[in-house]
There are 2 protein chains.
Amino acid sequence: MYRAPLRELRFVLEELLGIRQLAACPGLADYSDELGASILEEAGRFAEAVLEPLNRTGDREGARWSPEGVRAATGFKDAYRRYTEGGWPQLGADPRFGGQRVPQPVSSAMQEIIASANLAFKLCPMLTHGAVHALESSASDAQRRLFLPRMVSGEWTGTMVLTEPQAGSDLAQVRTRALPEADRYRLFGQKIFITWGDHDLTDNTIHMVLARIEGASPGVKGISLFIVPKVLVNADGSLGGRNEVRCVSIEHKLGIHASPTCVMEFGHDKGAVGYLVGEPNRGLGYMFVMMNTARLAVGVEGYAVGERAFQQAAEYARSRLQGRTPDGQAPGPIMDHPDVRRMLLTMKSCTEASRALALYSGLQLDLGAHHPDQAVRAAAQARGDLLIPIVKGWCTETGNETAAIGIQVHGGMGFIEETGAAQYVRDVRITTIYEGTTGIQSNDLIGRKLARDHGAAMSALVTDMRRELQALDPADPAARDTRECALQAVGQLEAATRSLLAGLTASPVQGLAVSVPYLKLCGLTMGGWLLAKSAALAAAGLSGSDQRFYRAKIQTAHFFARQVLPRVSGLAQVVGGGAASVLEADPDLV
Amino acid sequence: MYRAPLRELRFVLEELLGIRQLAACPGLADYSDELGASILEEAGRFAEAVLEPLNRTGDREGARWSPEGVRAATGFKDAYRRYTEGGWPQLGADPRFGGQRVPQPVSSAMQEIIASANLAFKLCPMLTHGAVHALESSASDAQRRLFLPRMVSGEWTGTMVLTEPQAGSDLAQVRTRALPEADRYRLFGQKIFITWGDHDLTDNTIHMVLARIEGASPGVKGISLFIVPKVLVNADGSLGGRNEVRCVSIEHKLGIHASPTCVMEFGHDKGAVGYLVGEPNRGLGYMFVMMNTARLAVGVEGYAVGERAFQQAAEYARSRLQGRTPDGQAPGPIMDHPDVRRMLLTMKSCTEASRALALYSGLQLDLGAHHPDQAVRAAAQARGDLLIPIVKGWCTETGNETAAIGIQVHGGMGFIEETGAAQYVRDVRITTIYEGTTGIQSNDLIGRKLARDHGAAMSALVTDMRRELQALDPADPAARDTRECALQAVGQLEAATRSLLAGLTASPVQGLAVSVPYLKLCGLTMGGWLLAKSAALAAAGLSGSDQRFYRAKIQTAHFFARQVLPRVSGLAQVVGGGAASVLEADPDLV
């Protein structure tokens, strides 16, 4: 039984990040902690009551294809209706089109709750949100007026249509064609991996499609972005006839079964009607304006599933009686076995570290976009840009590890599908892949975020982390020890960054052979820093009324510092000395 | 398309381990490298042609339950017939009952090939082999004569029937009752997780069942072992009537779908007829005589699936064109991306390290059982006992990691079931659980294998590893570097062991909080040692005719030393300083 971690979320938002500071930003001035808390409480109630019960059934049944279109699993249509009635799609969208601006960390916290309860469901509004964001920032006024209000309200959904069989991570190879026809285009091409590309939740779906206008140059500079509605929309907003867009099959996947992953055919006769967004040949740029928020959203999914897996494993460990406890005779709960506790604390601490890092990164994006002071905006944007690939890469890798441990805590029962622990492993597996694999994130981190500014943004963050940690002075010994471990990790990150930058200067390819270990090193160290800060805050709160929460916070942070953070040492060695063994390897002999 | 890694297997068996030395042992005197090689070649042909094609279809179809019994997936019955016709079940069994003794490492190598091709299939003969082993060592002559020949030939299969809903890792809680009736017993009880507990491959199945004779004392000292045939066997060996044994359902599992995991009901009316094996109340001891070989077998499964996942990922990485290569313009194979090569080399090197360690451990078991010199036997047995939990724990954890990377190499395609990469992840997931979870293995390692002899067996191994590494003097620089890294790891293992033993002396529970990290530290270090030896051997062979193989061996070993082995540093820190953060944690606050 999932319970939204409301106390924990409020701790991170209010106590660790102090997001009420955002009320000083234009556009976020009406934000208050009370508003955030009430949003999350309401999201928790909805997720627990409506979405979570559909998680297992949706997994078992899956979405189903038919020649008339894809049918969502039982209950999803009703749940989606209640989701829109609750006004959830509006959260985070532009108020001019019916949206409600809230700070990114609040929006991320809400997304976590939805994803914990039902990842497959969550993807539908998430993709719509991405399409909305693309239209908000790049479409014409007329296009916005026609499409946005009903997408923001959730009456219509949206998709992101990028991938083709030969064009995955490498979108330069997109071949879908667009032929001009009066003020619009006719599209022809097959697209794959289209999440919620077709379904029966709504009357219409607005596809944001990458295609190449006839005669455009090859490569990424010849790709344009089109609006392609499933059902044509008349100028007065009423629905017209069906467009030439259809789902020809859905994938049989490892997880997220209730989220239809569609093979979409655009144009089988006259072509699918599409409307150019912005200028020709600038489609990739338009599509990537929301890259940071999309990657942040997937990072959140990683620990959201981890949180759900943790809750279930902890519940099992309290109720399953098995084995003599080290100091007892009768069978006790397996929670009493130190190794089971070690597993659960690994799950819990990695989830808390991931959450703190993701929400901190969301705060940087908000400050970067909204803060009145230009210098603050620039610094926060640079920090957000630096952090996003780390959040996407590390939080999802960690979410996979967490879900896998969840099975292990259950022993043989974990391998049985009815238990539910296996579904989390299957579902979360996609998160290290879509929106750019961990390898892609790590290349972005070292190639664009580190090399381009010669490590300036990273150096600023390292300086801040060290300064903040040095300023902590908790009385609690575990919190003090946590601080020491975090400081040591920061030193290792600094040294590894220096060595990586030196290598990158010598030869850019150097870094590519150790980029994922470096990304993990960053995630661990930054998670350790934020948990050390959390532990110090908790230590200060120990005398108050919420003692149990704060004691748990310290114990979890201390575990992370002593059992998880030491991985930094090995990763630093790999970053420092591991590249040659990859670069000198003969691919023919691999 | 799976290809048995014959050259690699011969390298480990013949060059690294020199198993022809076993021909000096009574009972193994007719062994030669030629015999071993021909067995593996034949196994490879059979696995590639017969078993591998059934791996995906078996996964999709699964075994099916019906009131009349469980039906194996299409093709499995025929494959099993061909398996027995090929004489494969005999391998490793006692020649007195029709078996063929071969060294354990050869038997393990054969099992690897079968498991790589089709893990679900492999479990049926493996369980039979366990039952055969239990009967060989504990049953009466009459029982052996009646059951063994047809189990050794594979005409009948066997099972191991231990678990009950309340008795998983903790067999003290077994409740199945056995009531004496003349020279036999009547059994009543429900058992779960019975691998291949029912099926239509053979006319009969011999269940080895743990039960409690009416009036026996509680706990593990009141458990006896019974032979319970599915179909009763007359004294002349002919089949009689159906026994009261039936499969009431099969589990819906994450993986190994073609291997029926049965809920078995013993006795619904007069009770299932069972024959006591050996003395009453000593059942657990009889069942555990084959614990070392069973755990070794599961360790082998870990890297067997890893090998299969690696082969498929490498094939994909050579054929999938995507993305600009660092130094090229046109789309190249993704193998050219350093991070993809890093992933593949992680898979390959972890598989080779696991294999070397598992086969080395098998050699110790053989020397412990068969060497003419008592002192050699004792030392080898102690080393084998020490290594087996490490092989079981580390090779299966590593196999899980390897299979997961296999999905990642495939990107989005890895998440699609048709690709096949996901099945390896689902299948291998059971290996860290059955035959004792990784946590159970690590407790065995530190509680029984380390604490009991005060670290003597580990200390002897550390001394040997260091001496051997110091004696290596390869001219090849990568092989030299590999040796240095391995030596460093051995030093870290030694220090970690010292600190662990000191903690165990102070309080046994100390070690339980860091036992899995210690087990992984052991596996990594020992794998690094054997790969460093392999690299030195390969360096000496570079001038010969098999240059490509040896160059690959060095490159893989060097990668392991520089990109995988550094994890030892972090694990050593956890072993040294991580226990308190678990032991002081309040379970109510986890």
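None of the figures in this text is laboratory data; all of them are computed from the coordinates on show. Given the structure is predicted, the values throughout are model-derived calculations rather than measurements. In this analysis, Cβ positions are derived from the backbone assuming ideal geometry, glycine residues included, and neighbour counts consider all displayed protein chains.
Across identical copies of the chain, B:Asp183 has label-point separations of 9.9 nm, listed in ascending order, with the point defined 7 angstrom from Cα along Cα→Cβ. By the count of other C-beta atoms within 10 Å, a proxy for reagent exposure, A:Tyr31, B:Tyr550 are ordered fewest to most as A:Tyr31, B:Tyr550. Cα centroid separation, region B:554-585 to region A:412-444: 24 Å. Computed from backbone phi with θ = phi - 60° and the Karplus coefficients 6.51, -1.76 and 1.60, the 3J(HN,Hα) list for region B:540-549 is 5, x, 4, 7, x, 8, 9, 4, 4, 4 Hz; x is used for glycine and proline. If you plug the beta carbon distance of A:Ala23 and B:Asp141 into 1/(1 + (r/R0)^6) with R0 = 51 Å, you get a FRET efficiency near 0.05.
Between the helical axis of B:338-370 and the longest alpha-carbon principal axis of chain B there is an angle of about 50 degrees. Counting charges near B:Arg308 (Lys, Arg +1; Asp, Glu -1) among other residues having Cβ under 15 Å from its Cβ returns a value of -4. For the residues of B:341-348, the average number of beta carbons from a partner chain within 10 Å of their own beta carbon is 5. Between A:Asn234 and A:Asp464, the C-beta separation translates, for a Förster distance of 51 Å, into a calculated FRET efficiency of about 0.40. Pairs from the table (A:Lys392/A:Lys553; B:Lys77/B:Lys348; B:Lys348/B:Lys520; B:Lys191/B:Lys253; A:Lys77/A:Lys230; A:Lys77/A:Lys520) lying more than 27 angstrom apart at Cα are B:Lys77/B:Lys348; A:Lys77/A:Lys520.
Roughly how many Å is it from the Cα centre of region B:247-305 to that of region A:206-227, as a whole number? If you average the Cα positions of each part, the centres end up 59 Å apart. Sorted shortest first, the separations between the A:Gly240 label point and its copies elsewhere in the assembly read 8.3 nm; each point sits 7 Å from Cα along the Cα-to-Cβ line.
Of the options B:Ile430, B:Ala404, B:Thr163, report the single residue whose Cα projects farthest towards the positive end of the charge dipole of chain B (beta-carbon charges: Lys, Arg +1; Asp, Glu -1). Towards the positive end, the residue furthest out is B:Ala404.
Other protein chain C-beta atoms within 10 Å of residue C-beta, averaged over A:403-410: 3. For the pair region A:129-196 and region A:493-507, the centres of their Cα atoms are 39 angstrom apart. Residues A:Arg448, A:Arg383, B:Arg480 in ascending order of nearby Cβ atoms (within 10 Å, fewest first): A:Arg448, B:Arg480, A:Arg383. Residues whose amide H lies under 5 Å from that of B:Val231, counting only those 5 or more places away or on a different chain, are B:Thr205, B:Asn243; hydrogens are built 1.01 Å from N in the peptide plane. Once the chain from A:His268 to A:Leu6 is taken as fully extended at 0.36 nm per residue, the excess over their C-alpha distance is 89.4 nm. Each other residue within a Cβ distance under 14 Å of B:Phe97 adds +1 if Lys or Arg and -1 if Asp or Glu, for a net charge of +1. Taking the label point 7 Å along Cα→Cβ, B:Arg498 and its counterparts in the other copies are spaced 3.0 nm apart, in ascending order. Annotation: cysteines of the protein assembly as shown without a disulfide-compatible partner (Cβ-Cβ under 4.7 angstrom) are A:Cys25, A:Cys124, A:Cys350, A:Cys395, A:Cys485, A:Cys522, B:Cys25, B:Cys124, B:Cys350, B:Cys395, B:Cys485, B:Cys522.
Annotation for A:Leu321 and B:Ser38: the two label points, set 7 Å from Cα along the Cα-Cβ direction, are 5.9 nm apart. Local charge for A:Glu136 was computed over the other residues whose Cβ lies under 11 Å away, with Lys and Arg +1 and Asp and Glu -1, and equals +1. Relative to the current alpha-carbon distance between A:Asp586 and A:Ser249, full extension at 0.36 nm per residue lengthens the span by 117.4 nm.
Look at the dipole of region B:257-407 built from charges on Cβ: of B:Ala313, B:Gly384, B:Ala356, the Cα furthest out on the positive end belongs to B:Ala313.
As a length-normalised measure over Cα pairs under 8 Å and 6 or more apart, the relative contact order of region B:100-211 settles at 27 percent. The relative contact order of chain A comes to 12 percent, based on Cα pairs under 8 Å that sit 6 or more residues apart.
Averaged over the residues of peptide B:412-425, the number of Cβ atoms from other protein chains lying within 10 Å of each residue's Cβ is 5.
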